[in-house]
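FYI, it's all coordinate maths here, none of it is from the lab. Small disclaimer: the values here were computed from a predicted structure and weren't measured. Virtual Cβ from ideal backbone geometry, glycine too; neighbours counted across all protein chains shown.
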Amino acid sequence: MMRSRRQIEFLVLAVFLLCSWYLFDAHFNVAERGPAEPSVDEKPWRYEATEAEEKQEIFEQENANAGAKEKMPSTSTTSQHISTSTQSTAVATPTPSLPDRVVVMAKLPTDETDWVQTDLPDWQAAIYDIDTETPHNISTLDPMTNSTLRTLRNKGMEANAYLAYIVQNYNNLPSTIAFIHPHKDGYPIAWHTDNQEHSNVVSLQSLNVNFIQSNGYANLRCVNDPGCPHEVMPFRDPPEEHRTIEAAMPDAWRDLFNNTDVPHILATPCCAQFAVSSEQVRKRSLDQYQRYYTWLMETPLKDETSGRVFEYLWHILFGQEPV
């Protein structure tokens, strides 16, 4: 009995010790591993919030890094930034283009032409100085070989500058070209300019550019007298001695146009002030205008006569009928 009792007590003690060891070991492992993870089937209730927070943290970190790069840029980044800024500035502030119209005139040393720049700011200006000092046979200012705004010699009146401009700029003409005299306004000096003030400023400010483009040419004077209805009659019979242009016209026509179809009447309102489109100018070749200019420089005709030959030919050069 005694032995049986002791065996039972020993067995109970062993069971107690075994249970104690088991409980201690389980507690120790839980403390070491931390809380048990949820099973695959469980869905943590903070999943969406946790993902959003992670994205926000990534976004903020990227912004912080970008900010640091902007504050401390590398040499290549700085160069790229400067280049981009320069390009943006160039696009935002383009270079102003020149007006697509030009005023062409010839001036003597005594002519005042500052009014063109001050009163016609929306026009380019090509103002040719008449060379009144250089001897004709040694002048080097030939518009056929350079782009100077000086004439080769004082010859042919305003036709000298008009032809020089066309020869020099044939391939780069503005769409509208106004050929005028250097007088701004007033009577009697600008008597041939049509409007109440006899003003070239008024004439050009009121110019119907659309008509110039559609018709190709327009005389800036509308009053017929002088000039119409039959100012130049090359075969007048009997001839009138004071009409030197009529005597000169048949030979001039043949030299300029290389034909003998000389009109019996040439008429247009005087006095060589007109507007023309670049398209109309280029309906004749550059070689033709060079020939006209050479003829004007070399003709033995007096200055006034050679100039007036062109005064009654401009409208024909630019596509109009003789009358």
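Using unit Cβ charges (K, R positive; D, E negative) and no other charged atoms, how large, in debye to the nearest 20, is the dipole of the range 220-276 about its Cα centre? Working shown, then result.
Details: 4 positive and 9 negative charges, 43 e Å.
In debye, rounded to 20, the range 220-276 gives about 200.
Given 155/283; 107/155; 107/283, which pairs have Cα atoms separated by over 20 Å? All intermediate terms of the calculation are to be shown ahead of the outcome.
Numbers: 155/283 26 Å; 107/155 12 Å; 107/283 28 Å.
Result: 155/283; 107/283 exceed 20 Å.
Can you tell me what the convex hull of the Cα atoms of the range 101-317 projects to on average, as an area in nm²?
Details: hull surface 48.6 nm².
Quarter of the Cα hull surface area: 12.1 nm².
Which distance in nm do the two modelled labels at residue 321 and residue 262 give, with both placed 7 Å along the Cα-to-Cβ direction?
2.2
Please find the FRET efficiency linking residue 98 to residue 210, where r is the Cβ-Cβ separation and R0 is fixed at 22 Å, and quote it to the nearest 0.05.
Values: r = 20 Å, r/R0 = 0.92.
Efficiency computed from Cβ-Cβ geometry: 0.60.
Work through the residues other than residue 216 whose Cβ is under 10 Å from its Cβ and net out their charges, Lys, Arg +1 and Asp, Glu -1.
Net charge around residue 216: 0.
Label-point separation (nm) for residue 251 and residue 114, each offset 7 Å from Cα along Cα-to-Cβ?
According to this spin-label approximation, the distance is 4.5 nm.
Modelling each spin label as a point 7 Å along the Cα-to-Cβ direction, I'd like the residue 147/residue 291 distance in nm, to one decimal.
Here the answer is 2.7 nm between the modelled labels.
Can you list the residues, at least 5 places off or on another chain, whose amide H is less than 5 Å from the amide H of residue 232, using H built in the peptide plane?
Those lying under 5 Å, H to H, from residue 232 are 266.
Under the rule of at least 5 residues apart or a separate chain, name every residue whose amide H is placed under 5 Å from the amide H of residue 125.
103
Please compute, over every Cα-Cα pair in the range 135-236, the percentage with a separation greater than 18 angstrom. Write out the running numbers ahead of the final one.
On the way: 3258 of 5151 pairs.
Percentage above 18 Å: 63.
Would you please calculate the Kirkwood hydrodynamic radius of the range 228-323 over all C-alpha pairs and express it in Å, rounded to one decimal?
Values: mean 1/r = 0.0717 Å⁻¹.
Kirkwood radius, the range 228-323: 13.9 Å.
Provide the gained length on full extension for the span residue 242 to residue 196, in nm with one decimal, where the gain is 0.36 nm per separating residue minus the Cα-Cα distance.
On the way: separation 46, 0.36 × 46 = 16.56 nm, distance 3.15 nm.
So the chain would gain 13.4 nm between residue 242 and residue 196.
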